[in-house]
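Below is one structure, written out as structure tokens; comments come after it.
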Amino acid sequence: MTNIGILNLQGDVLEHFEITKKALEDMDAKADVFKVKTTENLSKCDGIIISGGESTVIGKLMEKTGIKDMLISQNIPVLGTCAGMVLLAKKTDYKQPLLGLIDMEVKRNAFGRQKVSFEDEVEIFGGKFKGVFIRAPYIEKVGENVDILSEYNEKIIAVKSGKFIATAFHPELTGDTKIHKYFIKEVLKCAE
Ligand code: GLN
């Protein structure tokens, strides 16, 4: 059985849990989803999702629990959304703990004051997707081995680099399982 973890330190963990469960059911995948709070939980994961929330808080808790170091060395697929995307970056405009798994530079709370939270249609995988942005970051710079999956108003908002996927918006709040299914396929492929 393949295990997909949802990092359960802070943020909208439940929403990711529910939508991953739904995606797995739709796909009839031989995989399970569970919440991850400790390195022991993490050691059982074949892939992990880092939710939105407050990236400074999640990062500090990842350090405290030892999850940060373990996640860096474990080399499993990771999906990071919003704060999760920030944590995957090599660099941000804040001083905070980072995983640095994707060669990218991220600007936090980047869409400006008047656009603290908003929804708009974005394009990904050649189709439309409901982009839910909540104090969202965007990507300012990517390295050579990073594929851009989506741009919005000329800002990079989703990328894939090897087995790591990041979105600035919140696919877990839409009911649309497309991005989760894409991630699950990556996890199943890597776990083969
Ligand atoms: N602004 C938050 C951060 O940078 C992310 C917000 C979110 O995840 N919705 O940590």
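In the stretch 49-75, the residues that are farther than 18 Å from V106 by Cβ form Cβ pairs under 6 Å with partners that are surrounded by 19 or more Cβ atoms within 10 Å (Cβ to Cβ) and at pLDDT 95 or above, at six or more places apart or across chains, as follows: L61/L9; I67/L42; M70/L42.
In the stretch 21-33, of all residues being part of a helix (DSSP H, G or I) and either out of contact with any Phe, Trp or Tyr (no Cβ under 9 Å at 6 or more places or on another chain) or modelled with pLDDT under 95 (or both), the one that is nearest to G175 (Cα to Cα) corresponds to K22.
Can you confirm whether E15 is surrounded by fewer than 15 Cβ atoms within 10 Å (Cβ to Cβ), within 16 Å of the ligand (Cβ to nearest atom), in a helix (DSSP H, G or I) and in contact (Cβ under 8 Å) with a residue 24 or more places away in the chain? For E15, the condition - surrounded by fewer than 15 Cβ atoms within 10 Å (Cβ to Cβ), within 16 Å of the ligand (Cβ to nearest atom), in a helix (DSSP H, G or I) and in contact (Cβ under 8 Å) with a residue 24 or more places away in the chain - is not met. The residue that is nearest to the ligand (Cβ to nearest atom), counting only those in the stretch 158-176 that are more than 14 Å from the chain's Cα centre (by Cα) and of a type outside the set (D, E, K, R), is T174.
Restricting attention to the stretch 11-46, which residues are on the phi > 0 side of the Ramachandran plot and under 14 Å from the mean Cα position of the chain (by Cα)?
G11
Can you tell me how many residues within the stretch 34-46 are of a type outside the set (S, T, Y) and either buried (at least 24 other Cβ atoms within 10 Å of the Cβ) or assigned to a loop (DSSP other than H, G, I, E, B) (or both)? Counting residues in the stretch 34-46 that are of a type outside the set (S, T, Y) and either buried (at least 24 other Cβ atoms within 10 Å of the Cβ) or assigned to a loop (DSSP other than H, G, I, E, B) (or both) gives 5. Can you find, within the stretch 52-77, the residue that is nearest to the chain's Cα centre (by Cα) among those that are more than 15 Å from the ligand (Cβ to nearest atom) and either in a loop (DSSP other than H, G, I, E, B) or of a type in the set (A, V, I, L, M, F, W, C) (or both)? Filtering first and then ranking leaves P77.
Contact map, the stretch 135-152: residues that are within 15 Å of F164 (Cα to Cα) paired with residues that are part of a loop (DSSP other than H, G, I, E, B) and within 15 Å of the ligand (Cβ to nearest atom), Cβ distance under 8 Å, separation 6+ or inter-chain. Pairs shown: I139/A168. For the stretch 94-124, the candidate set comprises residues that are more than 16 Å from T174 (Cα to Cα) and in contact with a Phe, Trp or Tyr (Cβ under 8 Å, 6 or more places away or on another chain); within that set, the residue that is modelled with the lowest pLDDT is K115.
Every residue, every condition in (1) touching a helix residue (DSSP H, G or I) at 6+ places or on another chain (Cβ under 8 Å); (2) of a type outside the set (G, A, S), yes or no:
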{"position": "N3", "(1), (2)": "no, yes"}
{"position": "L7", "(1), (2)": "yes, yes"}
{"position": "G11", "(1), (2)": "yes, no"}
{"position": "E40", "(1), (2)": "no, yes"}
{"position": "I48", "(1), (2)": "yes, yes"}
{"position": "G52", "(1), (2)": "yes, no"}
{"position": "S55", "(1), (2)": "yes, no"}
{"position": "M70", "(1), (2)": "yes, yes"}
{"position": "K90", "(1), (2)": "no, yes"}
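The values are calculated or read from the model by the stated rules, or taken from the named source; none is laboratory data. Only a predicted model underlies this, so the values are computations on that prediction, with no experimental measurement involved. Note that each Cβ is placed from the backbone with ideal geometry, even for glycine, and that neighbours are counted across all protein chains shown.
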